[in-house]
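Below is one structure, written out as structure tokens; comments come after it.
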Amino acid sequence: MRATVTGATGFIGRALCARLEGAVALARDPERALRLPGVGSAERWDAESELPRAAIEGADVMFHLAGEPIAGGRLGAAHRRRVWASRVDGTRRVVDAIARAEAPPKVLVAASAVGFYGSRGDEVLAEDAPAGEGFVAELCQAWEAEARGAERLGVRVVSLRSGIVLGRGGGALARMATPFRLGVGGRLGSGRQWVAWVHLDDEVGLALHAAATPSIRGPLNVVAPAPATNAELTRALAAALRRPAILPVPALALRLAVGHLADELLASQRVVPAAALRSGYRFRFGDLAAAVRDALGVPD
């Protein structure tokens with residue numbers, strides 16, 4: 001598989017490149033990208049510039065993972081503008097580059113998020129569920145719409161609606177584990193909100209599966225088959241670290257600490273991987289406790 005990867009130096013991008021061979025990496029720091037396992041060549045690119053044409057010519061698949069982290073700030077106005085520009089405008093530039101290519105990729109596998117669904121309580125959310133409300137839901141709709149523009153060029157497009165990715169070396173779990181290691185971890189708000197999660201191995205596995213499976217197109221929920229509540233995730237994290245989980249974070253305190261980002265942290269998203277299961281994908285990690293232990297490097 002000849003692959004081009006944007007966001008190659010990110011948490012998911014690094015893991016994906018390690019499963020590829022001779023990938024072309026597009027990154028702000030191409031020298032760093034070139035040192036990654038699985039990367040054969042690297043070009044400089046950010047969402048504000050045109051893609052190097054040579055980087056996508058003749059690729060079988062383009063994995064577009066680049067974007068400003070949504071959880072990288074308080075979701076204030078300036079942060080929202082950066083997130084929107086990096087993801088929506090950046091995806092438009094990817095599709096523009098595909099349109100100019102003489103030998104464009106056959107498949108575009110583009111990042112998205114379960115934030116598409118907004119906060120939906122106990123509703124079970126498969127890929128055919130409508131979009132929700134809020135900034136992240138609007139972002140994901142615009143983000144996916146830009147990616148779908150490649151369909152008019154004869155490219156099969158898959159949008160990876162990822163949940164919280166649990167894995168070693170970064171991601172949400174690294175930040176979540178710190179207060180537990182200090183003995184001050186606990187559930188967020190009521191703890192009854194549903195959390196869509198996926199192990200990094202399955203995040204990458206589903207991206208590769210999507211690229212190689214012609215029947216998969218459109219949205220793909222990249223989540224484990226068994227969503228968990230925030231309280232269940234909290235207990236699994238505390239048990240893996242052998243630490244207490246007795247100090248819940250009230251919703252008001254969370255909003256004072258992280259502003260509008262609290263709405264995303266308290267959102268309830270009971271997302272299921274209907275399309276993945278229908279296509280025959282077999283999850284490596286379907287059990288939350290096992291996924292957390294592996295992601296933290298804790299032996300069984």
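Just to be sure before I move on: is Val157 under 19 Å from the mean Cα position of the chain (by Cα) and among the aliphatic types (A, V, I, L, M) in the structure I sent? Spelling it out, Val157 is indeed under 19 Å from the mean Cα position of the chain (by Cα) and among the aliphatic types (A, V, I, L, M). Among the residues of the stretch 205-229, those that are in contact with a Gly (Cβ under 9 Å, 6 or more places away or on another chain) and buried (at least 21 other Cβ atoms within 10 Å of the Cβ) comprise Asn221, Val222, Val223, Ala224, Pro227. Collect the residues in the stretch 1-41 that are polar (S, T, N, Q) and over 18 Å from Leu108 (Cα atoms), keeping them in residue-number order. Within the stretch 1-41, Thr9, Ser41 meet the criteria. Within the stretch 193-221, the set of residues being under 19 Å from Ala147 (Cα atoms), touching a strand residue (DSSP E or B) at 6+ places or on another chain (Cβ under 7 Å) and either of a type in the set (A, V, I, L, M) or without any contact (Cβ under 8 Å) to a residue 12 or more places away in the chain (or both) comprises Leu206, Ala207, Ala210, Ala211, Ile216, Leu220.
Would you say Gly189 is touching a helix residue (DSSP H, G or I) at 6+ places or on another chain (Cβ under 8 Å), farther than 20 Å from Ala267 by Cα and of a type outside the set (S, T, N, Q)? Judged against the criteria, Gly189 is not a match.
Please work out which residue is modelled with the lowest pLDDT, limiting yourself to the stretch 265-299 and to residues that are assigned to a helix (DSSP H, G or I) and under 20 Å from Val124 (Cβ atoms). In this case the residue turns out to be Leu288. Across the stretch 129-141, a minimum of one residue is classified as without any contact (Cβ under 8 Å) to a residue 24 or more places away in the chain, part of a helix (DSSP H, G or I), surrounded by 15 or more Cβ atoms within 10 Å (Cβ to Cβ) and within 17 Å of the chain's Cα centre (by Cα). Arg181 is checked against (1) among the basic types (Lys, Arg); (2) more than 21 Å from Ser86 (Cα to Cα); (3) in contact with a Phe, Trp or Tyr (Cβ under 7 Å, 6 or more places away or on another chain) and fails just one. What number does that condition carry? So the condition that Arg181 fails would be (3).
The values are calculated or read from the model by the stated rules, or taken from the named source; none is laboratory data. Only a predicted model underlies this, so the values are computations on that prediction, with no experimental measurement involved. Ideal geometry is used to build each Cβ from the backbone, glycine not excepted, and the neighbour counts take in all protein chains shown.
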